[in-house]
Structure formats: C-alpha cells, structure tokens
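The values are calculated or read from the model by the stated rules, or taken from the named source; none is laboratory data. Here the structure is a predicted model, which means the values were calculated and not measured. Cβ placement follows ideal geometry from the backbone for every residue including glycine, while neighbour counts extend to all protein chains displayed. For the accessible areas, the whole protein counts, side chains as well, though only heavy atoms, and no ligand, DNA or RNA atoms are used. Shrake-Rupley method; radii C 1.70, N 1.55, O 1.52, S 1.80 Å.
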Amino acid sequence: MRPVLFEVLGQSVHSYSLLVAVATATGVVVGTALGRRDGRSWRDMVDLAVVAVIGGLLGAKVFHTLFEAAGHHLTDGRIATGVLDLIADDPWHWARLFEAGYVFYGAVVGAFLIGWLFMVRRALPDKWSVGDYATPALLAGILIGRLGCFLGGCCHGRATDLPWAVTFPHGHAAAGIAVHPVQLYDAAFGAIGLVAVALLYNKRRFGGEALCAFFFCYALYRFGTELVRADADRGVWLGGSLSTSQLVALVTLPLTLYAWRRGLRLVRAGKLRKPSEPLP
C-alpha cells in the first residue's frame, strides 16, 4: 500500500489519481488508433474521446453520490445515511471530479450516454463499432486503475486464509487482517481481457460484438468478486443481500444478451455493417 507515490513542488501525487489518469490516457490513445484504422477522421475520434472522458468522469461521480452516499462523514460530525444527507451537506459532491470516489459502472453509463448523443449530433456512421474501439480502453482502465486502488488501499476484500492473501498496514480499515487482494483480481481480469481482445478483435461478426462480450463477461465476473469485497463504499441493497454492482450486473446481463442477439440478426439481414466492410 502506497497512497502517495511521490511529491512534486511540495504537492503529493497520489497513486490512485495518477494511475486513473494513465488509464484514461491509454484508453484514449488505443480507442483513437482503432477508430483511425477503421477509417474514422482524427477530428471525430479526438472530439469523441474528450466527450466520452468527461461523460465517464461525471457518470462515475454521480453513481458514487447516488449509490454510495451512506457512510460518508458530514461536516457536522454526523454520518450520512443516504444521498439526501450527503447532498444537503455537500450539494456539489457529485461534481468534485478530482476527489476519491468513483463507480466503474457509472463511468461506462456516463461515457455511453454522452458519447451516443455526440455521435447522433455529428451523424457518425456505424455507431455500434465505436463500442469496440472502447473495449480495449475499458480493459486497460480496469488493469491500470485497479492497481491504483491496490496502492491506495481502497476496494479491499474480505478476510481469508488463502496463501495469496494480503495485509494492509496500520491505519487501513482492514489493518493486520489477511484479506482477498480483490484489486489484483480485477487487474488480472483486465490483463486477460486485453489478451483476448488482441486475439479475437478481427474475428468480430458485427460492430459492437467486442463490447457485448466485455459487458457479459465483466458482469458475471463482477457479480462474483463482490462476494469477497469488504469495503464500506460498495452500497448494499435488499437488506444487505446485494451490492450496487451486483444489482447493475443483474440488469446488464439480459440487456447485453439482447443487444448481442439483435446485432447478429441485423448483420445477417444486411442492415448492419460487418467490421471487414469499409465505412459508408
């Protein structure tokens, strides 16, 4: 655990913030390169990347504010019991983009909604394929960003006696307890996913299939790893039976299967561009 990596001009550079920035930059470079290879213009890809990053940051913070408000320390010393308490105490909590507290699913939703509106306004062709450009970016974000979580000590796991358990130092919520290194599990998922995309990207049957595969696999994976998470910022529902991410996963799985099947039907009917075909 190393929350602060180094100092520059007397200012601390936090590991989580730095690695999230690196992950974001990596995603933009990779996504832009894939779009250019597909025949997109530099302007469209750069503009879309800027819009998606802003939407992702806002979405991640809004989800954090809505679903993980309970447990926050308020300025009067009380503990927030929900989003109303947090907003009443700090109305701009959702807009503090450079403070800790992000939800991955929120980032995806925010980037998707703002990005889709941008593509509609600019009338970009084959919007489905843009999701495939984002897939390696999402996986790189998980890989690099979760390493930042590990160094920062957030998103830790439950106690375990497995040989690869980790112990965080004094001052951490799980100090002295051997816990699951959930952050490293996530980083491994990102690394394996990147290898899979590199091997299978050119085998896509329709634009958007790589993104569908990512959503399906990640939802299954995330539902499982939530069972060994122990941090207090996950959000709990239905009497503590499910976390926020598990609820989102239960919604994501059927929606992804529907989109996957619809994509296959459309490409068979000739209504959707195949990845091997040039852009119109």
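Across Gly141, Gly190, Gly152, mean-square fluctuation computed from a Gaussian network of the chain (C-alpha pairs under 10 Å connected) peaks at Gly152. What percentage of the solvent-accessible surface of the chain, computed with a 1.4 Å probe over protein heavy atoms, is contributed by carbon and sulfur atoms? Solvent-exposed carbon and sulfur of the chain make up 68 percent of the total.
Binning all Cα-Cα separations of the chain at 10 Å, short to long from zero, yields these whole-percent fractions: 6, 26, 35, 22, 9, 2, 0.
Would you mind working out the magnitude of the charge dipole of the stretch 17-87 relative to its Cα centre, with +1 at each Lys and Arg C-beta and -1 at each Asp and Glu C-beta, to the nearest 20 Debye?
On the way: 6 positive and 6 negative charges, 64 e Å.
I would put it at about 300 debye.
Tell me which residues come under 5 Å, amide H to amide H, from Ala178 once H is placed; ignore anything under 5 positions away on its chain. Long-range HN contacts for Ala178: Thr160. Between 0 and 90 degrees, the angle of helix 42-67 with respect to the longest Cα principal axis of the chain falls at about 40 degrees. Computed across the stretch 46-87, the Kirkwood hydrodynamic radius from all distinct Cα-Cα pairs reaches 11.5 Å.
Compute the angle between helix 244-268 and the longest alpha-carbon principal axis of the chain, please, reported from 0 to 90 degrees and rounded to the nearest 10. For 244-268 against the chain, the angle is about 10 degrees.
Peptides 163-173, 263-273, 244-254 ranked from most to least packed, by the mean per-residue count of other Cβ atoms within 10 Å: 244-254, 263-273, 163-173. Computed from point charges on the beta carbon alone (+1 for Lys and Arg, -1 for Asp and Glu), the dipole magnitude for the chain about its Cα centre is near 1500 Debye.
On full extension, the segment bounded by Ser12 and Val251 gains 82.1 nm, given 0.36 nm per residue less the C-alpha separation. With the highest mean first, a sort of the peptides 83-89, 214-220, 175-181 on other beta-carbon atoms found within 10 angstrom per residue produces 214-220, 175-181, 83-89.
Proximity of backbone amide H atoms, modeled 1.01 Å from N, is registered between Asp231 and His156 at under 5 Å, excluding neighbours fewer than 5 places apart on the same chain. Helix 127-152 and the longest principal axis of the C-alpha atoms of the chain enclose an angle of approximately 20°. With both labels modelled 7 Å from their Cα along Cα-to-Cβ, the Leu5 to Thr160 distance reads 2.6 nm.
Using only alpha-carbon positions, what ratio does the radius of gyration of the stretch 47-158 give when scaled by 2.2 N^0.38 Å? Please report the intermediate quantities before stating the final value.
Numbers: Rg = 16.2 Å, N = 112, 2.2 N^0.38 = 13.2 Å.
Rg over 2.2 N^0.38 Å, computed on Cα atoms: 1.23.
P(r) for the stretch 149-248, from all Cα pairs and a bin width of 5 Å, is 2, 12, 19, 19, 16, 13, 9, 6, 3, 1, 0 %, short bins first. Farthest toward the positive end of the dipole of the chain, out of Gly31, Ala88, Leu151, is the Cα of Gly31, where the dipole comes from beta carbon charges about the Cα centre.
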